[in-house]
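Accompanying notes for the structure given below.
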Amino acid sequence: MLRVANLNVSIGPIPIIRNASLDLNEGEMCGLIGRNGAGKTTLLRVISGLLAPTAGSMRMEGADLLALAPHKVIETGIAHVPEGRRLFPRLSVEDNLRMGAYIPAARKKFAERLDYVYALFPRLKERRGQLAGTLSGGEQQMCAIARTLMSGPKLVLLDEPSMGLAPVIVLQVFDLVRRIRAEGYTVLIVEQNVSQVLKVVDRAYLLEVGRIKVSGPAADLAASDDIRKAYMGI
């Protein structure tokens, strides 16, 4: 579905991503793990069109993403749940969801998509008129994911969904991740909570200082002594 090859990204004179390549298959959930500053968020931002690479190629179902204007990337089926959720705090839950359905194809199916996300996340329906900024941290992440699903995506990019949340809420967030996986979405998830993310993904890529150092089945990475010591504190 998604193929990224030999991607290089610099911000000013500073190289952030170096010759990174990854593939995602339809219906698969992949993790992108690594320390702070490794370039994980930058890589997601490039895939979703928010940043331009300096070299390399990206294709989504054969479509050349680098040939598209950034606002057209979402029309290929790529949707991004950003780090920190980035909700509109003074808008209601439902108005935030409406913002996720702004592309023409999604606007035509707004009522249908709204019913779908409310069925998937009943708590949001209960809070549909509540200001998004007054939701709990877990509910805000739920709203951010639901807003992304309003576009009817094929590939969901999740950036640090557990960031800044209490441990009990982190477990709830990973339950949300499992739920969208069960709905058949292809997912690429960036996450610092390595032990948790390796429990829910099929495969993972380890990014170190902008380079893909290791990739493979999640079970193999979880069993690696090097990764357990460096990233899981075991």
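Brief remarks on what is shown
- Expressed to the nearest 5 percent, the antiparallel share of DSSP beta bridges inside the chain is 55 percent.
- Across the chain, Cα-Cα pairs more than 22 Å apart make up 51 percent of the total.
- In this calculation the C-beta distance from GLU126 to ASP23 is compared with R0 = 45 Å, giving a FRET efficiency of 0.70.
- Taken along its three principal axes, the alpha carbon spread of the range 129-234 comes to 48, 30, 25 Å, from the longest extent down to the shortest.
- Peptides 36-45, 146-155, 11-20, 171-180 ordered by packing proxy, namely the average of other Cβ atoms within 10 Å per residue, highest first: 146-155, 36-45, 171-180, 11-20.
- Cα-based helix-to-principal-axis angle, 167-182 vs the chain, degrees rounded to 10: 90
- Stokes-Einstein translational diffusion, the range 62-155 - Kirkwood Rh over all Cα pairs, 0.890 mPa s, 25 °C, in µm²/s: 181
- For the chain, the number of Lys pairs separated by eight or more positions or lying on different chains, with C-alpha atoms closer than 21 Å, is 14.
- Comparing ALA106, ALA132, LEU149 along the charge dipole axis of the range 96-216, the residue lying farthest to the positive side is ALA106, per the Cβ-charge model.
- Theoretical gain in end-to-end length, ASN36 to ALA111 [0.36 nm per residue, Cα-Cα removed]: 23.1 nm
- What separates the Cα centres of the range 80-112 and the range 1-72 is a distance of 23 Å.
- Helix 137-149 axis, angle to the chain major axis (alpha carbon atoms, nearest 10°): 90
- Looking at the range 86-192, the GluC sites (Glu not before Pro) that sit in a DSSP loop and have at most 16 other Cβ atoms within 10 Å of their own Cβ are GLU183.
- Label point 7 Å beyond Cα of VAL214 along Cβ direction - residues of the range 25-44 with amide nitrogen under 17 Å: 31-36, 38
- Estimated translational D of the range 72-115 in µm²/s (Stokes, Kirkwood radius over Cα pairs; 10 °C; 1.306 mPa s): 138
Each reported figure results from applying straightforward, stated rules to the coordinates on display, with no laboratory input. This is a predicted model, so every value here is computed, not measured. Reconstructed Cβ throughout: ideal geometry from the backbone, glycine too, with neighbour counts over all protein chains shown.
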